[in-house]
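A.B. asks: What follows is a single structure, and I will ask about it in a moment.
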Amino acid sequence: MYSVKHHSLFQKSLEISILLFILNIGYADTPKSYDVHGPLNEPKIFAEGVISTGDYDSHPAFSPDGNIVYFVKMGPDLSKWTIFVSNFQNGKWSNPEIASFSGHYWDADPFFDKDGNTLYFISSRPLKEGDPPKDFDIWKVEKSTGFKKAIRLDSPINSDASEYYPTLTDD
């Protein structure tokens with residue numbers, strides 16, 4: 001059974017991830033449209049009431065320009081993971097919407113490649129439509145398809161077991 005303690009842990013995880021991102025903004029080559037102009041002395045809740053709602057909001061992935069964020073919302077009993085997207089427009093974050101590729105299966109751990117053209121994530125979706133969900137594999141969606149068509153990565157990235165937390169390096 002999950003408790004308030006678990007909820008606090010997930011909320012703190014999001015707050016720390018957001019704080020680390022915001023602290024890094026001051027050192028980026030290009031100022032972001034919501035730049036805080038220097039390091040923060042204490043944590044600040046990110047986009048309170050829009051992105052950070054007090055629900056199980058976690059795992060933010062910001063586009064390289066900082067104007068799009070994909071993140072995970074979980075059911076109160078952690079029974080469902082869905083990836084949402086929000087855009088920074090006119091000085092504020094838009095109301096999050098379910099990402100076009102998410103909402104039918106358990107999806108989590110979004111991660112942009114460094115040019116922002118590919119978004120990786122994990123999903124329990126089956127290999128073929130109509131089959132039952134399986135373990136978690138790493139999938140990707142590409143900007144060229146409007147981030148709509150999910151493609152499963154082949155071996156050796158995916159295996160017969162579950163994979164989590166996709167990341168990329170330059171090598």
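The values are calculated or read from the model by the stated rules, or taken from the named source; none is laboratory data. What you are looking at is a predicted structure, and each value in this text was computed from that prediction instead of being measured. Every residue, glycine as well, gets a Cβ built from its backbone with ideal geometry; the counts of neighbours run over all protein chains shown. Keep in mind that these areas ignore ligands, DNA and RNA; they rest on the heavy atoms of the full protein, side chains included. Shrake-Rupley method; radii C 1.70, N 1.55, O 1.52, S 1.80 Å.
A.B. asks: Could you work out the local net charge near P96, counting Lys and Arg as +1, Asp and Glu as -1, over the other residues with Cβ closer than 11 Å to its Cβ?
C.D. replies: It works out to a net charge of -2.
A.B. asks: Additional query: Cα convex hull of region 130-171: how many Å³ per residue?
C.D. replies: Expressed per residue, the convex hull around the Cα atoms of region 130-171 is 107 Å³.
A.B. asks: Could you work out the relative contact order of region 65-171? I mean the mean sequence separation of Cα pairs under 8 Å and 6+ apart, divided by the number of residues, in percent.
C.D. replies: 19 percent.
A.B. asks: Could you check the spin-label model distance between N87 and D135? Points 7 Å from the Cα along Cα→Cβ, value in nm.
C.D. replies: Inter-label distance under the simple model: 3.8 nm.
A.B. asks: Same structure, new question: Take the alpha carbon atoms of region 126-145, find their center, do the same for region 49-82, and report the distance between the two centers in whole angstrom.
C.D. replies: Between the Cα centre of region 126-145 and that of region 49-82, the gap is 20 Å.
A.B. asks: Given a Förster distance of 22 angstrom, what is the FRET efficiency for T53 paired with I151, based on the Cβ-Cβ distance and rounded to 0.05?
C.D. replies: The calculated FRET efficiency here is 0.10.
A.B. asks: Using the structure shown, list the pairs from K114/K134; K73/K148; K80/K114 with a Cα-Cα distance above 22 Å, or answer none.
C.D. replies: Beyond 22 Å: K114/K134; K80/K114.
A.B. asks: Now for a different question. Pairs of alpha-carbon atoms within less than 8 angstrom and 6+ residues apart define the contacts here; what relative contact order does region 111-171 have, in percent?
C.D. replies: Relative contact order of region 111-171: 32 percent.
A.B. asks: State to the nearest 20 debye the size of the charge dipole of region 109-171 about its Cα centre, where the only charges are +1 on K and R beta carbons and -1 on D and E beta carbons.
C.D. replies: It works out to roughly 360 debye.
A.B. asks: Another one. Please calculate how many Å² of accessible area region 48-109 carries per residue, with a 1.4 Å probe and no DNA, RNA or ligand atoms counted.
C.D. replies: Ligands and nucleic acids excluded, the result is 45 Å² per residue.
A.B. asks: Which one of F121, N90, V141 has its Cα pushed farthest toward the positive end of the charge dipole of region 67-163, where Lys and Arg give +1 and Asp and Glu give -1 at the Cβ?
C.D. replies: Most positive-ward Cα: N90.
A.B. asks: I'd like the FRET efficiency for E97 and L40, computed as 1/(1 + (r/R0)^6) with the beta carbon distance as r and R0 of 30 Å, rounded to 0.05.
C.D. replies: With R0 = 30 Å, the Cβ-Cβ based efficiency is 0.60.
A.B. asks: If I model a spin label as a point 7 Å beyond the Cα along the Cα-Cβ vector, how far apart are those points for K143 and D77 in nm?
C.D. replies: Between K143 and D77, the simple spin-label model gives 4.1 nm.
A.B. asks: Separation between the D113 and A161 pseudo-spin-labels, each 7 Å from Cα along Cα→Cβ, expressed in nm?
C.D. replies: With each label placed 7 Å out from Cα toward Cβ, I get 2.7 nm.
A.B. asks: Continuing with this model, one more query. Over region 79-119, what is the relative contact order in percent, taking alpha-carbon pairs closer than 8 angstrom and at least six residues apart?
C.D. replies: 39 percent
A.B. asks: Rounding to the nearest 20 debye, state how big the charge dipole of region 36-86 is about its Cα centre with +1 on each Lys and Arg Cβ and -1 on each Asp and Glu Cβ.
C.D. replies: My answer is approximately 100 debye.
A.B. asks: Quick one: accessible area per residue over region 118-171, 1.4 Å probe, rounded to a whole number of Å²?
C.D. replies: In whole numbers, region 118-171 has 65 Å² accessible per residue.
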